[in-house]
Amino acid sequence: MNALNGKKALVTGGSRGIGAAIAVRLAQEGADVAVTYVQGEEGAREVVAKIEAMGRRGVALRADLALAEDAVASVERAEQALGGLDVLVNNAGVGVLGPLGDITLGDVDRVLAVNVRGVFLASRTAAARMPHGGRIVTIGSCMAQRVPGPGGTLYAMSKAALIGLTKALARELGGRGINATLVHPGPIDTDMNPADGPTAPAQSALTSLGRYGVAQEVASMVAYLAGAEASYVTGAELTVDGGYAA
Ligand code: NDP
């Protein structure tokens, strides 16, 4: 039994890392899946090829979520290409870490545009199109819950904003049977946060399990939240962090 048979999903930032794993997992569960990319056209095409190899429909769309018009258009184009939209996964995000004094105004604008404004616009555009049973799953961060040291002001601020957005979306959309949830990954081995990077040992030590997670460990939570088993889960933060916040 495939939990997402017949469902149509959009995963932003699906060309690599956590988003690519989510897109493949949703297709494994039966969904047709559109992914967005910015630089990673080749990666996005590889993800689409994997989706199509499972007999599902796959679509790759270029969309820079730092641009308001792209955030809206990516949802509209995904809905048109797939013939509907049941699941939006707001995964695309950028991480800018560093001392408070080194963060530029441009950094602030770019991080908030991608991590917050883009999520707001994509969610609003998707919500207007989703049927009863629709799902909006957003990828936050363990740093929205626990900031274990200096250097996280901008990133943690951007991810913490998604808590308010998710709770408010759940309240706004609950009457239409649309669920909104937020997943907080801990350190996950991707290009953004490689498990062999300079801060990796310190990050691993902050988890209860003493290790990085892999993208598939986040994707399985998203597949659950997108499916019928999570029908009574909304407005909630789900933590997939190896015990980072424990
Ligand atoms: P990666 O940097 O590995 O991948 C980022 C993805 O987002 C890529 O598909 C990239 O597209 C896309 N992207 C980047 N900038 C933009 C933009 N301006 N508009 C649209 N898409 C964009 O990141 P991860 O897979 O590690 O992270 C995915 C999500 O998980 C992010 O929201 C991140 O904040 C969050 N997260 C990650 C953690 C980790 O340890 N890895 C921990 C906690 C949260 P392209 O390839 O085309 O450039």
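Over region 161-246, Cα pairs under 8 Å with separation of 6+ residues give a relative contact order of 42 percent.
Average accessible surface for region 8-240: 44 Å² per residue, computed with a 1.4 Å probe over protein heavy atoms with every protein chain in place.
Packing-based ranking of 5-17, 40-52, 105-117 yields 5-17, 40-52, 105-117, ordered from highest to lowest mean Cβ neighbour count within 10 Å.
Volume per residue, Å³, of the convex hull around the alpha-carbon atoms of region 181-230?
Working: hull volume 4.2 nm³, N = 50.
Each residue corresponds to 84 Å³ of Cα convex hull volume.
Axis angle, to the nearest 10 degrees, between helix 215-226 and the longest C-alpha principal axis of the chain: 50 degrees. For region 207-241 versus region 1-58, the spacing of their alpha-carbon centroids is 17 Å.
Distance distribution P(r), region 88-222, all Cα-Cα pairs, bin width 5 angstrom from 0: 2, 10, 19, 21, 19, 14, 9, 5, 2, 0 percent. Solvent-accessible surface of protein heavy atoms, probed at 1.4 angstrom with all chains present, puts Glu79, Glu172 in the order Glu172, Glu79, largest first.
With an 8 Å Cα cut-off and a minimum separation of 6 or more residues, compute the relative contact order for region 8-240 in percent.
On the way: 475 pairs, mean separation 45.4, N = 233.
In percent, rounded to a whole number, it is 19.
Calculated from the alpha-carbon coordinates, the chain shows an Rg and a Dmax of 16.8, 53 Å respectively. Taking a straight line from the alpha carbon of Lys7, these aspartates and glutamates sit under 19 Å away, with near neighbours fewer than eight places off in the same chain left out: Glu29, Asp32, Glu52, Glu76, Glu79, Asp86, Glu229. Given a 1.4 angstrom probe, I'd like the percentage of the accessible area of region 99-207 that is carbon and sulfur, rounded to a whole number. Its accessible area is 59 percent carbon and sulfur atoms.
The values are calculated or read from the model by the stated rules, or taken from the named source; none is laboratory data. What you see is a predicted model, and the numbers here were worked out from it, not measured in a lab. Virtual Cβ from ideal backbone geometry, glycine too; neighbours counted across all protein chains shown. Each accessible area value is taken on the protein alone, full model and side chains, heavy atoms only, with ligands, DNA and RNA left out. Shrake-Rupley method; radii C 1.70, N 1.55, O 1.52, S 1.80 Å.
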